[in-house]
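Everything below concerns the one structure shown next.
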Amino acid sequence: MGKKVFHELISLDEARQRLLNFFKERVSIPIDAEVISVKSALGRVTAEPVFAKFSSPYFHSAAMDGYAVRARDTFTATEREPVRLKIGVDAHWIETGDPLPEDFDAVIPVEDVNIKNGYIEIYASVPPYNDVRPIGEDIVATELIIPESHVVRAADIGAMLASGITEIKVRRKPVIGIIPTGSELIDAETIKERMPNPPELIEYNSAVLSSLVTEVGAEAKIYSVVPDEEDKIKNAILHALNECDIVLLNAGSGYGKEDFTYKVINELGEVIINGVAIKPGKPFIAGFIREKAVLGIPGYPVSAFLCLDIFVKPLIELYLGVSTKKEEVLKAILSRQISSSIGVDEFVRVKVGRVGDKYIVTPMGRGAGLLMSVVRADGYIVVPRGSEGFSQGSEIPVYLWRSKEEIDNTVVCIGSHDNTLDVLYNFLRKRFPQVTLSSAHVGSMGGLIAIKKGEAHIAGTHLLDEATGEYNVPFIKRLLPEKKVVLINLVYRIQGFIVKKGNPKNIKGFEDLTRDDVVFINRQAGSGTRLLLDKHLKELGISPDAIKGYDRDEYTHMAVASAVLTGRADVGLGILSAAEALGLDFIPITEERYDVLIPQDFLELPIIQAVLKVIKEDEEFKKAVNFLGGYDTRDMGKIMYSN
């Protein structure tokens with residue numbers, strides 16, 4: 001068979017179809033079967049139908065505590081002329097579940113009879129099989145219990161055992177071999193002994209991929225890390241092919257000098273896909289060696305996550321002969337514009353929440369390496385390859401990773417970022433497990449606009465009005481003159497300069513930001529921190545153009561602190577708790593008030609009541625906030641403004 005090599009990026013639909021077609025041509029599906037104990041069959045897929053061996057119940061049994069009788073003996077019973085039956089002869093005491101004595105066909109509950117001198121008195125007739133569970137009431141011998149290609153549930157196990165089935169034939173779990181590659185990778189267990197040293201990276205993709213394939217009914221087999229050496233990668237694949245049904249090669253599917261996946265698969269077998277027009281996940285490679293699928297999964301964690309979902313799960317489904325659970329889809333309003341590149345299908349992770357009678361969706365970080373964007377996401381949206389994106393306010397489909405019920409119990413918080421929101425989220429889950437907090441960091445002004453549009457339950461804000469020196473209220477009056485709202489204090493916090501440990505650039509004030517040797521990292525336009533910076537620059541007569549990095553911004557205080565820690569900047573403006581969290585130094589500038597704004601229409605919602613209960617009453621929450629450093633909780637929960 002001649003090799004088929006495709007160098008061009010192909011569309012997602014074409015890639016899916018090509019992979020499935022080649023798989024069906026080369027692989028025997030569904031996979032072979034094995035016999036296992038019914039007791040251990042939960043989640044397994046049946047390889048043949050299961051029929052009842054015998055009936056359940058297999059004898060006539062009492063459904064109530066009472067007396068077993070012959071129905072014909074009761075036919076003349078009335079209130080005025082009760083029938084008297086001798087206990088032990090024509091009436092026998094029987095308890096629930098006991099077999100009926102031979103030739104007896106009814107049970108009269110004990111509360112329906114009167115007992116006198118060794119007899120029972122019956123005041124109404126009963127039909128045959130009154131309060132009796134007849135043979136086969138639940139299951140009849142030879143009845144179909146569950147069909148082929150059925151995922152075994154807990155109730156199925158009970159029904160099979162009740163009908164005499166103790167072993168069943170199920171489809172063998174396909175074995176998915178996972179080979180992590182990369183000379184820089186170290187096993188996660190290594191960090192028990194020491195910290196990684198650059199350029200070492202902790203290898204964790206294999207654990208993620210293993211968990212994902214296990215969730216859909218396959219068995220994962222993780223191999224040791226293989227360095228970026230062609231021969232070693234080739235040997236690892238050949239070894240895995242002897243033990244596995246599908247082999248995943250993680251990383252090395254790109255076009256770098258140490259990316260050998262394409263070359264090795266092409267030499268040992270045939271490559272059928274060499275790049276897909278999706279983002280993230282573009283470097284995906286698929287091929288067949290010895291009639292088995294060998295797939296090159298990109299190394300970036302989000303790319304790996306999505307490629308497994310898009311390409312590997314369907315192959316597992318074919319092996320098992322079942323469809324795994326599909327994501328629930330709902331329509332939601334986009335809270336801010338999202339742009340994308342023409343020519344690729346982009347998968348964007350999102351947060352979702354229900355505000356009033358509509359669902360609001362907010363895009364998250366889009367980098368292929370941002371694993372936390374998957375951890376925190378509620379689902380994803382797809383920007384089609386022929387589109388440049390969606391405008392703010394568009395109604396778009398959202399594919400959920402969480403249930404709709406969870407989404408409906410989500411507090412949508414849009415606005416300024418503060419570390420106390422993470423603490424609040426944790427305490428909400430601790431005190432009210434059904435409630436979730438979804439926090440999107442778009443700045444204080446963005447939060448007020450979201451409240452105005454009815455797109456958020458809560459907005460975090462710390463906007464300082466230059467004219468009055470007052471926080472938040474002047475902006476609320478200007479932007480939301482007709483909106484009935486309540487402004488509640490969360491914390492007072494210290495804003496200042498975040499600098500490297502020891503303050504090596506000796507930064508003391510705003511004037512130092514203009515120095516040639518100082519690189520600044522900013523917060524996004526519309527954030528309270530950006531307004532605070534601009535206020536001080538204006539008062540000091542400093543032009544933003546004189547500051548290197550003024551136009552480089554981040555969306556959270558932690559991101560600003562991280563930029564300083566990693567050397568991308570020398571200084572940033574942020575809160576003390578962010579500096580302390582990363583072991584950085586801090587030069588205080590001012591104390592500011594951080595409030596949360598809530599529309600009055602939402603105050604009585606159970607999810608908002610849960611938030612307010614934590615803020616106003618939970619002393620443990622208050623202690624946890626103070627422990628972060630740089631906070632004052634003197635007015636926590638106090639109403640600062642309402643209209």
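The values are calculated or read from the model by the stated rules, or taken from the named source; none is laboratory data. Being a predicted model, the structure only gives us computed values, none of them experimental. Cβ atoms come from the backbone with ideal geometry, glycine included; neighbour counts cover every protein chain shown. These area figures cover heavy atoms from the full protein model, side chains too; ligands, DNA and RNA do not enter into them. Shrake-Rupley method; radii C 1.70, N 1.55, O 1.52, S 1.80 Å.
The set of residues in region 478-516 that are among the polar types (S, T, N, Q) and open to solvent by less than 10 Å² (accessible area, probe 1.4 Å) comprises Asn489, Gln495. Can you find even one residue in region 569-579 that is over 19 Å from Ile507 (Cβ atoms), buried (at least 22 other Cβ atoms within 10 Å of the Cβ) and either at pLDDT below 95 or polar (S, T, N, Q) (or both)? Checked region 569-579: at least one residue is over 19 Å from Ile507 (Cβ atoms), buried (at least 22 other Cβ atoms within 10 Å of the Cβ) and either at pLDDT below 95 or polar (S, T, N, Q) (or both). In summary, helices (runs of 4 or more DSSP H) completely within region 249-357 and bearing 1 or more residues that are in contact with a helix residue (DSSP H, G or I) (Cβ under 9 Å, 6 or more places away or on another chain), open to solvent by 10 Å² or more (accessible area, probe 1.4 Å) and under 30 Å from Pro49 (Cβ atoms) occur at 313-320. The residue list Gly386, Gly365 contains one member that is more than 14 Å from the chain's Cα centre (by Cα), within 30 Å of Leu531 (Cβ to Cβ) and outside any helix (DSSP H, G or I), which is Gly365. Answer yes or no: is there a residue in region 517-535 that is surrounded by 14 or more Cβ atoms within 10 Å (Cβ to Cβ), farther than 23 Å from Met558 by Cα, over 38 Å from the mean Cα position of the chain (by Cα) and modelled with pLDDT of 95 or more. No, that holds for no residue. May I ask you to verify whether Lys484 is out of contact with any Ser or Thr (no Cβ under 7 Å at 6 or more places or on another chain), touching a residue at least 40 places away in the same chain (Cβ under 8 Å), closer than 19 Å to Met640 by Cβ and charged (D, E, K, R)? It is true that Lys484 is out of contact with any Ser or Thr (no Cβ under 7 Å at 6 or more places or on another chain), touching a residue at least 40 places away in the same chain (Cβ under 8 Å), closer than 19 Å to Met640 by Cβ and charged (D, E, K, R). Mind listing whichever residues of region 27-42 are exposed (fewer than 15 other Cβ atoms within 10 Å of the Cβ) and of a type outside the set (Val, Ile, Thr)? Selection gives Ser28, Asp32, Glu34, Ser37, Lys39, Ser40, Leu42.
Residues checked against (1) touching a Ser or Thr at 6+ places or on another chain (Cβ under 9 Å); (2) touching a residue at least 60 places away in the same chain (Cβ under 8 Å):
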position	(1), (2)
Val382	no, no
Leu400	no, yes
Glu406	yes, no
Thr420	yes, yes
Phe427	no, yes
Ser444	yes, yes
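Being over 26 Å from Glu405 (Cβ atoms), of a type in the set (A, V, I, L, M, F, W, C) and in contact with a strand residue (DSSP E or B) (Cβ under 9 Å, 6 or more places away or on another chain) holds for only one residue in Ile360, Ile333, Ile316, and it is Ile316.
The strands (runs of 3 or more DSSP E) found entirely in region 149-199 that carry 1 or more residues being under 30 Å from Glu48 (Cβ atoms) are 167-171, 175-180. Restricting region 210-230 to residues that are over 22 Å from Gly321 (Cβ atoms) and under 23 Å from the mean Cα position of the chain (by Cα), the residue that is surrounded by the fewest Cβ atoms within 10 Å (Cβ to Cβ) is Ser211.
Looking only at region 114-135, decide whether some residue is out of contact with any Phe, Trp or Tyr (no Cβ under 7 Å at 6 or more places or on another chain), surrounded by fewer than 18 Cβ atoms within 10 Å (Cβ to Cβ), assigned to a strand (DSSP E or B) and not charged (D, E, K, R). The answer is yes, given that some residue of region 114-135 is out of contact with any Phe, Trp or Tyr (no Cβ under 7 Å at 6 or more places or on another chain), surrounded by fewer than 18 Cβ atoms within 10 Å (Cβ to Cβ), assigned to a strand (DSSP E or B) and not charged (D, E, K, R). Of all the residues in region 435-451, those that are open to solvent by less than 10 Å² (accessible area, probe 1.4 Å) and part of a loop (DSSP other than H, G, I, E, B) number 2.
The set of residues in region 607-643 being among the aliphatic types (A, V, I, L, M) and over 28 Å from Gly583 (Cβ atoms) consists of Ile607, Ile608, Ala610, Val611, Leu612, Val614, Ile615, Ile639, Met640.
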